[in-house]
Amino acid sequence: MTEAQTWTVIGVLAATLIGTCGLMARFATNLLQQSIGRVLDQIDALDQRIEARFTGLDYRFELIDRRFEMIDHRFEALEVRLTERIDALDARIGVRIDALDSRIDVLDRDVQAIANRAFGGASAAGS
């Protein structure tokens with residue numbers, strides 16, 4: 001084999017080696033892109049699942065918030081009813097206490113009149 005043929009073979013082998021390296025690099029790049037694409041797809045799927053779960057949690061929290069608002073409204077209505085009842089009872093008790101107070105005043109006056117008749121005349125006679 002002549003020197004020119006040797007250099008030609010070396011050139012062909014170098015070109016083949018460079019071409020093979022290029023093909024392998026392209027294959028590795030494609031494989032890496034596909035792998036990254038799959039990973040990104042999985043991340044997107046997980047993100048959608050997480051977002052769906054948070055949306056579900058938000059909906060549940062809204063339901064719970066509505067329930068608390070209903071309970072709060074019921075407590076407010078109950079407070080109004082109890083306040084009305086307590087005010088009515090207070091008014092009735094106040095009227096009864098006023099009537100009892102006036103009866104006690106009458107009884108006190110009667111007892112004082114009886115005491116004055118019974119003992120007032122005797123103390124005046126004894127003086």
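The values are calculated or read from the model by the stated rules, or taken from the named source; none is laboratory data. Quick caveat, the model's predicted, so the values are computed rather than measured. Please note: Cβ atoms are built from the backbone with ideal geometry, for glycine as well, and neighbour counts cover all protein chains shown.
Kindly indicate whether any position in region 117-127 is modelled with pLDDT under 95, part of a helix (DSSP H, G or I) and not small (Gly, Ala, Ser).
Within region 117-127, the first condition is being modelled with pLDDT under 95, and the residues that meet it are 117-127.
Cutting the leftovers down to part of a helix (DSSP H, G or I) gives us 117-126.
If we keep only those that are not small (Gly, Ala, Ser) too, we end up with 117, 119.
The answer is yes, given that some residue of region 117-127 is modelled with pLDDT under 95, part of a helix (DSSP H, G or I) and not small (Gly, Ala, Ser).
Can you find even one residue in region 23-32 that is in a helix (DSSP H, G or I) and more than 57 Å from the chain's Cα centre (by Cα)?
Residues of region 23-32 in a helix (DSSP H, G or I): 23-32.
Going one step further and asking which of them are more than 57 Å from the chain's Cα centre (by Cα), we end up with 23-24.
Yes, the conditions are met somewhere in region 23-32.
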| request: Read through the list (1) at pLDDT below 95; (2) surrounded by 10 or more Cβ atoms within 10 Å (Cβ to Cβ); (3) among the small types (Gly, Ala, Ser), then give the number of the only condition that ALA25 fails. | output: (1)
